[in-house]
Structures are given as C-alpha cells and as structure tokens.
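One structure, pasted below without further comment.
What follows is calculated from the coordinates using simple rules that are stated; it is not laboratory data. Note that the coordinates shown come from a computational prediction; the quantities given were computed from them, not determined experimentally. A quick note on method: Cβ atoms are made from the backbone with ideal geometry, for glycine too, and the neighbour counts reach across all protein chains shown.
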Amino acid sequence: MNLDLSLEIIGQQVKAVSIQGATANLVTGIASLSEAQVGDLSFLGNTKYQSLVPACEASVILVPLDYEGLPRANQAFVRVNNPSEALGLICEAVAERLFPKPISGVHPSAVIHASAKIDKTAMIGPLCVIEEGAVIEAGAVLVAHVYVGRFAKIGEGCHLRPHVSIMEYCQLGKHVQLHSGVVIGSDGFGYSTVKGVHHKEAQVGIVVVEDEVEVGSNTTIDRARFAKTLIGRGTKIDNLVQIAHNVQVGPHCILVSQSGIAGSTQLGSHVILGGQAGLAGHLTIGDGSMIGGQGGVINSLPAKSYVRGTPCMPINQEMRLHVLYKRLPDLNARVTELEKRLPAQKNPCADLQV
Amino acid sequence: MNLDLSLEIIGQQVKAVSIQGATANLVTGIASLSEAQVGDLSFLGNTKYQSLVPACEASVILVPLDYEGLPRANQAFVRVNNPSEALGLICEAVAERLFPKPISGVHPSAVIHASAKIDKTAMIGPLCVIEEGAVIEAGAVLVAHVYVGRFAKIGEGCHLRPHVSIMEYCQLGKHVQLHSGVVIGSDGFGYSTVKGVHHKEAQVGIVVVEDEVEVGSNTTIDRARFAKTLIGRGTKIDNLVQIAHNVQVGPHCILVSQSGIAGSTQLGSHVILGGQAGLAGHLTIGDGSMIGGQGGVINSLPAKSYVRGTPCMPINQEMRLHVLYKRLPDLNARVTELEKRLPAQKNPCADLQV
Amino acid sequence: MNLDLSLEIIGQQVKAVSIQGATANLVTGIASLSEAQVGDLSFLGNTKYQSLVPACEASVILVPLDYEGLPRANQAFVRVNNPSEALGLICEAVAERLFPKPISGVHPSAVIHASAKIDKTAMIGPLCVIEEGAVIEAGAVLVAHVYVGRFAKIGEGCHLRPHVSIMEYCQLGKHVQLHSGVVIGSDGFGYSTVKGVHHKEAQVGIVVVEDEVEVGSNTTIDRARFAKTLIGRGTKIDNLVQIAHNVQVGPHCILVSQSGIAGSTQLGSHVILGGQAGLAGHLTIGDGSMIGGQGGVINSLPAKSYVRGTPCMPINQEMRLHVLYKRLPDLNARVTELEKRLPAQKNPCADLQV
C-alpha cells in the first residue's frame, strides 16, 4: 500500500497556507507523531501532543499556523488552518487510489431472479443472490456474497460489503453503506407463551433504512412485527449492534459498538449510545440525549439527557454517587467511631423492675 | 407490501364476535393506534391505550368485547375476545401471503458432495455448500449461501436463512429456525497456557440443537470440547448471543439479545436471560430463573431465582440497595450532622497524666 | 461420530504409567464423570471431583497416579501423571480422525481474479471469492464462502472457516485461525460532525493479524483510519468481540467473548479481557493486566492491574466496596439508631433570646 505522495501534491491537497523545510522523500505512509518514521506523513491534530513534534521522524508533518517549532533536516512542515481536517483530505485522496470505483455490471456467477430490476449502472459482484422482484437502483454496489431477498429495495448509490443479508421487502434509501455480515430484516424476537411453550408471533413488518445511513459489520436489525423498524437519515451504527423489532431510530444518531435497543423503543434525533449500552423496550429517548458506555436505560428520557450507569441516572448524580461509593469504608468507620463515642445506654428503668 | 384485506376477510380470520360500523377501504397495512392512518388495521391490545382509540384513523380496529366507544365514519370495530391474539391471527395470514412456502429442489448453483443425503422435499437454495456425509431431512429449507459441514444433520422442517454455518457433525432437530449469519459449531475457546503461550485444546465435541428452537441472526454457539453443547427443545435465542462450549441450555428458555453464557454452565428449563446478561462458566441455573438485563452471574442459582445487577443478587435486595445508594449523599450528611453534635472528645483522663 | 478407541490405543496415546482393570468395550465417546456411560472415556481432572469416580459408568477413566480407588467390573483405570493433559492428547488424536487434513487445490466454483497468487498447496473451497492481487500462501485453507479482498494477504497455514471476510490490503500472518463470520478490515467508525450531520472520515489503514492468532466466530476487527490495527502474535480472541480502528493488541492476550475495545487503545502483552468487558478509546493497558467480566475501563492501567466493575477499580477494593454496599441497610439503621440516641438539640441559647 504505497502512497508515493510528493510534498507538492500534499500541499495542494490540503490547501497549505505555507510549507516550511523540504524533504527528498516521497510520503509512503501515514502515522501518529509517536510512531511515524522517515517516509511517513504525520500531523499535530491536538496541541496537547505538540511536545512530540520535535522528536517526530516523519518526512512531512501537518502543523497549525501558530505552531512555533521548526522542521528538522529533510523534513517539511505543512502549515494549515486545521491539521485534522487536512489529514482528512489526504485520507480521502488516498482512499480514491486504494479503493477504485467499482465497475458496473453483473458478475456471471451471481444468481439473479428474472423479475429482479437491476439498474445498468449498478455493480453486482460475484456470488450474490438477488431474489424475485428485488430492485437495485443506480450506482449501487454489492461487492460479493450479498443476499437480497424477495421484493427488497436497494437505493441509489448503496454500498453493500460481503455477506450482507437484506431480507424480504426491506428497503434501503440512497447511499446506505452496510459492512460485512450486516443482517437487515431478520425476524423480530416475539413469542406468546402458553403453558410454558413459546409460540412464534408472525413478524410481517419490514425494515426501512433511510438515506446516508452507515451500518457496521455483523450488526443486526430485525424486521417489525408489523409496520416498520426505522433507521433515520444520516444515522451511523457501529459493529455488532442489535436493533430489535419496531424500534424507531431518529436521524443523525450515533450507536456505538455492541449497544442494543429492545423492541419498540424510539430514539429522537442526534441521540448517542455509548459502547455496550442497553435500552429496554417501549421507551422514548429525547433528541440529543447521550447514554454512557455500558449504561442501562429502563425508563424514558427527556431531550438532552446525559446519563450513565445501570440503571442509568444523570451523569452528575452518577459521578457524585460513585465518589461516595468509593468512600463507603470511610463512612462506615465514621459511624463506628460515633458508636464508640455514644455507646448504647442500658434502659435507665431496667434496674427498677423486679 | 399491500395486504388488501377486506373487512369480511378480517372478520373471518379473527373469528369476530361482532362487527360495528363499516369501511369502504381495503386494509393495506397494520399500525399501532397512534400511528395508524386510513387504510390501516389497528388494535386495542391493552386497555391502558383505550384513550387513543377515538382519535385513531385506522379503517379497522380490533377491540375487546367490553370496549365502550363507537367507530367513526368509514371505520369498523371488529369485536373479539382478545385483540392481541386476533392481531396474531391476522399477522399469520399475512405471513402466508408475504412469505410463500419455498418450492423443494436443489438450486443448480449449490455445491453438494456426492455423499450428502438430501430429502427430495427439502429446498437447497442458490450457492449453498453441503459437505460430505451431511444429511438434510424432509421439508428443510436452506435459503441461500448456507454452509453445512461434513456429517452435520439438518432435521425435518428446519429453516436456515442466508449465511448460516453449521459446522462438522453438529445436529439440528426438527423445525429449527436459524436466522442469517448464525454459526453452530465453531470451536470452543479453550487453551492451555505454558510459559505465557496459549496452546489450543482440540475441540472434538458437537452442538445438538433440539426441536423447535429458534436462533437469531449472528448468534454463535460453540462446539463442545468433548461430548456436546446442548440447546434444549423449544428454547428461543435472540440475535448476537454467545453460547460457549459444553453449555447445556434446558428446554423452553428465552435468551435475549447480546446475552452470553460461558463454558460448561447449565441452564434448567424456562430460564430467561435479559439482554446483555452474562453468565460465568461452570454454573448451574435452576428452572424458571430470570436474570435481569445486563446482569452478571458468578454463582449458581436455585430454581425460580429472580436476580439483577453485577454481581447479581435477588431483585428485591437489588432494588432496596439501589434506593439506599441513591440516598448516599443524605446518609453522608446525616453522619456529618451527628459528628457536629458529638465532637470527638479529648481523652477525659488526659489532664490527669503528668 | 464413533471414536472406537481400544484400551490399548488409549494407553499408548496418553503414555499411560499403568493400566488397572480391563474393558471389553471400545471407547465410542468422551464424557464428564457425572455423565459418562458404558462405552465412554472419562477423566478425573481435578481431585475435588474424586467422589464421582466410584459411581462413574465410563468404560475407561483417566486417573492420577495417586488416586486410591479401584475400577469396577468391565472398567479400566488408565493411570497418568496429568489426566487433563492426557485427555488433551486423546482429543488431539480424535480431532485428526474427525477433521481430516483438507486436500489442496482450488474448487471450480470459486471466483478468483487472474492476478491473485495462490500457492499450489493451499485449499480454496467452494464459492470463495479472491480479488485482484490477493496472496494466499502455502497450506492455507479457505473452507467455503470466504471473501478475500484486493491485495489482502493470507499467510502460510491459515485456516479460514465459512463466511469470513478479509477486506482490502489486510494481512494475516502464519497459522491464523478465523472462525465463521469473522470480519477483518471493515471501516473504522469515524465521523466528523458539522452542524449535526456526520461526515465519514476515510479509513485508509489496514489490519495486521500476526502469527498464531485465533479469532472466534462473528468477531469484527476494523481497519485503521491510517496505519494499522494490530493483533499481536499468539493472541486468542473469542466470539462476537469488537476491536475498533487503530487498536493495538499485544502478543499472547486473551479476549473473551463479547468484549470490546474502542479506537486507538493499546493492550500490552498477556492482557486478559473477561467476557463483555469494555474499554474506552485511547487508553494504554499494561502487560499482564486482567479486566473482570463486564468491567468498564475508562482510564489507562499500569502493568499487572487486576480490575473489576464499571468504572473499574482494583479487584480488592471492588470486592470490599461490594461487601459494604450489601451492608447499606445495616449502615442506614445504625445511623438512624445514633440519631435516636442523640436527638437534634434545641439551640441552647434560644431561650435567652428575646
């Protein structure tokens, strides 16, 4: 994976304000300040790391305009308004070279039902299966081993990696990205129990994933019992997340890895779930709320809640209680000391009794 | 996904006691009371929601016999003994139409070892792989991209969705349903560590999944080190659950999403694991026990235990302690107040000493 | 799965010190002392179970040299220095018979890019996809349905089970074992948020998995934003584990099922994560540290830390605090009793005021 970027090209890509120093090396890799070696590009994204710059061996370092140091020999500083953003521009340029745009067409090994409608600008990779009545819109890419069930719809510009399953009737909007192993539309987990035996409730709803959603590898999103499970526009979901039937996730949410949402819970917009957080069913979580990692939510939350713990509580309360929790040995000792100072008295009337 | 159900058909399907009002609309969807629109079927499954009925725009509403309201214009109430059960009947009828019975036969793209025994009523979908000596019994359905390893057995009427892996020698009973990405029979996680290096212990047991079990998408069940990992009859397992080697899960258990069971632990019958609950290895969990969501179980539990928390404790104790935990600031203040009232005294004998 | 092992063969395989008694049965299975039946092999791996031996019906039992009992009729005791190790030897011999070495060659149904380099001793099973420029080294086994992306490298002797995805440019060392559904190299979860809209940051790094690593089914390991996500030599990872972008896992670590590591965190060597443990991002965890099951780590830890709880703390502190937590009702009662003994006094000066 050789990048072979010249200092000049880098300067153009990041719209450099100025370049200080020079290097004979082409940039072949990207690394953090502490790990970069000759030939690497690095960046000072956060001023708290600026003490690492003088010892950094990178051939090129993206630094903010006000960084005061000077490059070492055979090293260039590329001065930019925002080094993190500049790094992002470099990464995008690199991505275009590393991951060339797939070529449209249907691989001959794919198994496609005669009634499926596949736009001629879509790419259907090897060993995909597309069932009856499914629709694949313009520019969609199904890399390989993708399963698209009966009457499912894959919107314009979607990108589905290997081993993705889209079950019957489910619908993806535009520019949805699904990573390997994602399952959209497995049956909701619903049973009615009669005399200790669990009878499956038919799950006849669908999943609707709106535009610009991204879903991480091996995440599972169940179809609704009826109507739809919804993932709102622009929401980003990490790996190994569980979303149960009839959940409604609002737009622009962030669901970090291994979090889970039980059935019928509704998230507003811009909600953030930390890693491994769990939400009980039938709750309403207000816009802009944040649930800390491993938090357990068993009641609905108003907008802009910021909670942590199991069961969760407002973060300030949770932090204060945790401090007191850690002081329990001290509190216990204080009570013991008070008990010593104030011994239990004999009943003063005891002696008077016969 | 148009249902196009007439009021008359609905009445028949749910065995209506009576029908009140009428609608010119065919029912095209199913929705909750608060979300239903003209053309939808809705239902009053829980009397606590009855205030939502008058404003509900559904064309048909399933209501209990004793519900006192009247339908609006162009709306029908279908009166039944149990609206939730009636909805279940509708969903089953819809499911039959949406998900037609697969047609038996082997897709030409499937790769099947000459020695595999496949019942002629089974359906082997596109791009499945069936290895040496595997057995697929009557009526089993392998949708697509399913892998069945050497000498594995898939029982009568099983339904395996895309990307399921059944590893060597594992056995599924009758009518087992596995959703996409389920792995049955990956190696147990067992190593012997010598001088800091982990050496793999051969895992030569199997997984046995009994009749009527359902397993959610991307759940993993490891093969035993020896003998078998067992999932008992009628147990239902949600998505992304982990079941380690040699675990024995009794019949009719419910394992909610993202729960995990470490090696050799045994669950009795009718045990319920809440979402994200975790059980340590080598435990015995008695019949009918319930583990709350995110609970952590590190000791065996007698039958009918109901526990919560990490490490878990009986739910009543856990709730009481949590109340006291939230009152720690108050308790701390009370101790401080007592200390003010009873200052540490000088040793009364101190003055007498020389 | 018949083993059909004679007593003589077993004695040879475990290098028996002596054999006591005899059995006419061939050994057909392996079972624990409490579950073994006639025809089984069992073993006394831990002296705490020795009371189970006299009632055990196994035809052959591996016992330590100093075990004092005698076999029953038609039963043999195989005396060995270490029965657990001896069982391991038996399991390895059984494994060789149950899981024969795959035969090298490329299955005709596999889809392989002309530029991919596949060693002639490798086995590429049915319906695998190998993209442009990928390299598959000597003796590697891709069972079936495996996806290997552009320019990825699969090292010598690797063993990849069904439905594994290795994304572009990622690299596996030698003898790496990946179980079904593992995803190596899905995009890291990184966005920059502008006015509430999350914009994807290009993820142009790779994943490097060093020699002798084993990864459990449906585990996900994301590619780095830049440079590499690293899994160190000899590390063993269980099922459904999440490893985020730019994480560095040292050699010989053990990551138990459903644990998760957020972005850029670094683990030293021989770190153990308990099941469902979660680590925040950008932390450093010292060599030999152990994180208890369900533990939540939000700060870096020095070498040989042993922590538990959320947020985690040293295990001794955590256990002591938990004891005090369970005694909160008692502490509360003691404070109430002190308050009774020392009622709040009227201000002694109150009467003197006008």
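Where does the Debye-calculated log10 I(q)/I(0) of region A:226-282 sit at q = 0.18, 0.28 Å⁻¹, using only Cα point scatterers of equal weight, no solvent?
Results for region A:226-282 at q = 0.18, 0.28 Å⁻¹ read -0.49, -1.21.
Same structure, new question: Hey, if you put +1 on the Cβ of every Lys and Arg and -1 on every Asp and Glu Cβ in region A:1-133, which of A:Ile61, A:Ala31, A:Gln12 ends up farthest toward the positive end of that dipole?
Looking along the dipole axis, the top candidate is A:Gln12.
Right, another one. If we hang a label 7 Å off Cα along the beta carbon direction at B:Leu324, how far is it from the matching labels on the other copies, in nm, shortest first?
Sorted ascending, the copy-to-copy spacings read 1.3, 1.3 nm.
Using just the C-alpha positions of region B:7-98 as equal point scatterers, what log10 of I(q)/I(0) does the Debye formula give at each q in 0.18 1/Å?
Debye curve over Cα of region B:7-98, log10 I(q)/I(0) at q = 0.18 Å⁻¹: -0.68.
For a quick size check, give me the Cα extents of region B:287-349 along its three principal axes, largest first, whole Å.
The Cα atoms of region B:287-349 stretch 63, 25, 15 Å along the principal axes, largest first.
Additional query: Can you pull the three principal axis extents for the Cα set of chain B, in Å, largest first?
105, 68, 29
From the helices alone, meaning DSSP H stretches of at least four residues, give me the mean residue ellipticity at 222 nm for chain B, per-run term -39500 (n - 2.57), in deg cm²/dmol to the nearest 500. Display every interim value, and only then the final one.
Details: 4 runs with 49 residues, N = 354.
Mean residue ellipticity, 222 nm, calculated: -4500 deg cm²/dmol.
When only Cα pairs under 8 Å and 6 or more residues apart are kept, what is the percent relative contact order across region A:7-98?
Numbers: 180 pairs, mean separation 30.5, N = 92.
The normalised contact order for region A:7-98 reaches 33 percent.
Inside 10 Å of the C-beta atoms of C:258-264, what's the mean count of C-beta atoms belonging to other chains? List each step's numbers first, then the result.
On the way: counts 12, 3, 11, 2, 7, 1, 1.
Partner-chain Cβ atoms within 10 Å, mean over residues of C:258-264: 5.
Toward the positive end of the charge dipole of region A:105-315, about the Cα centre and with charges on Cβ (Lys, Arg +1; Asp, Glu -1), which of A:Tyr306, A:Ser165, A:Gly181 goes farthest?
The listed residue farthest towards the positive side: A:Tyr306.
Another one. Nearest-5 percent of antiparallel DSSP beta bridges in region C:105-315? Could you put the intermediate results ahead of the total?
Values: 6 of 64 bridges.
In region C:105-315, DSSP labels about 10 percent of beta bridges as antiparallel.
While we're on this one: Just need the relative contact order of chain B here, percent rounded to a whole number, with Cα pairs under 8 Å and 6+ apart.
Relative contact order, chain B: 6 percent.
Please arrange B:Leu255, A:Leu26 by counting, for each residue, the other beta carbons lying within 10 Å of its beta carbon, fewest first. Spell out each step's value before the answer.
Numbers: B:Leu255 30, A:Leu26 16.
Ranking B:Leu255, A:Leu26 by Cβ neighbours within 10 Å, fewest first, gives A:Leu26, B:Leu255.
Next question, about the same structure. Within 10 Å of each Cβ of B:219-227, how many other protein chain Cβ atoms are there on average? Before the final figure, lay out each step's value.
On the way: counts 5, 12, 2, 6, 0, 2, 4, 13, 7.
Per residue, the number of nearby Cβ atoms from other chains is 6 on average.
Still on this model: Quick one: pull the percentage of alpha-carbon pairs in the protein assembly as shown with a separation above 54 Å. Don't jump to the answer; show the numbers that get you there.
Details: 132471 of 563391 pairs.
Considering the protein assembly as shown, 24 percent of its Cα-Cα pairs are separated by more than 54 Å.
Hey, another quick one. Can you grab the distance from the C-alpha centre of region B:1-62 to the C-alpha centre of region B:127-157, Å, no decimals?
41 Å
Find out how many positive minus negative residues lie around A:Asn25, taking Lys and Arg as positive, Asp and Glu as negative, among other residues whose Cβ is under 12 Å from that of A:Asn25. It would help to have the intermediate numbers written out before the result.
Working: positive: none; negative: A:Asp4, A:Asp40, A:Glu57.
Local charge sum for A:Asn25: -3.
Would you tally the net charge around A:Val256, using a Cβ to Cβ cut-off of less than 10 Å, leaving A:Val256 out, and scoring K and R as +1, D and E as -1? Write down the numbers at each step before the final one.
Values: positive: A:Lys236; negative: A:Asp238.
Combined, the nearby Lys, Arg, Asp and Glu give 0.
Answer rounded, prolate or oblate for region C:105-315, using the Cα gyration tensor with square roots of eigenvalues a ≥ b ≥ c: rounded when a/c is under 1.5, else prolate when a/b is larger than b/c, else oblate.
Details: a/c = 2.41, a/b = 1.61, b/c = 1.49.
Since a/c reaches 1.5 and a/b is larger than b/c, the shape of region C:105-315 is classed as prolate.
Next question, about the same structure. Mind checking the mean number of beta-carbon atoms from other chains within 10 Å of the Cβ atoms in C:232-244? The partial results should precede the final answer.
Working: counts 0, 1, 5, 1, 7, 1, 9, 16, 13, 4, 12, 2, 6.
Rounded to a whole number, the mean comes out at 6.
To continue, here is another question. Filter A:Lys101/C:Lys200; A:Lys101/A:Lys228; A:Lys326/B:Lys340 down to the pairs with a C-alpha to C-alpha distance above 27 Å, please. Spell out each step's value before the answer.
Details: A:Lys101/C:Lys200 17 Å; A:Lys101/A:Lys228 33 Å; A:Lys326/B:Lys340 23 Å.
Those over the limit are A:Lys101/A:Lys228.
Based on other C-beta atoms within 10 Å, arrange B:Val197, C:Val78, C:Val183 from fewest to most. Walk me through the numbers on the way to the answer.
Details: B:Val197 14, C:Val78 26, C:Val183 31.
By the 10 Å Cβ count, ascending: B:Val197, C:Val78, C:Val183.
Suppose every K and R has +1 on its Cβ and every D and E has -1 on its Cβ; what is the size of the dipole of the protein assembly as shown about the Cα centre, in Debye to the nearest 20? Don't jump to the answer; show the numbers that get you there.
Working: 84 positive and 90 negative charges, 420 e Å.
For this selection, approximately 2020 debye.
If the label for A:Asn81 sits 7 angstrom from Cα along the Cα-to-Cβ line, what are its distances to the same label in every other copy, in nm to one decimal, shortest first?
7.2, 7.2
On to the next question. How high is the relative contact order of region C:219-324, in percent, with contacts defined as C-alpha pairs under 8 Å that are six or more residues apart? Before the final figure, lay out the partial values.
Numbers: 327 pairs, mean separation 17.2, N = 106.
Dividing the mean separation by the residue count of region C:219-324 yields 16 percent.
Taking each label point as 7 Å beyond Cα in the direction of the beta carbon, state the distances from C:His113 to the same residue in the other copies, shortest first, in nm.
Its label point is 3.2, 3.2 nm from the equivalent points in the other copies.
On full extension of the chain, what length is gained from B:Leu65 through B:Leu342, given 0.36 nm per residue of separation minus the C-alpha to C-alpha distance?
Values: separation 277, 0.36 × 277 = 99.72 nm, distance 6.76 nm.
Full extension of this stretch gives 93.0 nm more.
Using packing as a proxy for protection, rank C:122-129, C:238-245 so that the peptide with the highest average count of other Cβ atoms within 10 Å comes first. Please report the intermediate quantities before stating the final value.
Numbers: C:122-129: 25.5, C:238-245: 28.9.
Final packing ranking: C:238-245, C:122-129.
Rounded to two decimals, what is the ratio between the C-alpha radius of gyration of region C:94-185 and 2.2 N^0.38 Å?
Working: Rg = 11.8 Å, N = 92, 2.2 N^0.38 = 12.3 Å.
Cα Rg divided by the expected 2.2 N^0.38 Å: 0.97.
Just want the ordering: C:His199, C:His270, from fewest to most Cβ atoms lying within 10 Å of their own Cβ. Write down the numbers at each step before the final one.
Values: C:His199 13, C:His270 24.
Final ranking by Cβ density, sparse to dense: C:His199, C:His270.
What helices does chain B hold that run 15 Å or longer along their axis, going by alpha-carbon atoms, with a Kyte-Doolittle average of 1.0 or more, using DSSP H for the helix calls? Mind showing how you got there, number by number?
Values: long enough: B:83-98 (22 Å, 0.64); B:315-326 (16 Å, -0.43); B:328-341 (20 Å, -0.84).
Helix filter hits for chain B: none.
So the label point goes 7 Å from the Cα of B:Thr47 along Cα→C-beta, right? Which residues of region B:61-76 then have their backbone N under 16 Å from it?
Answer for this model: B:63-69.
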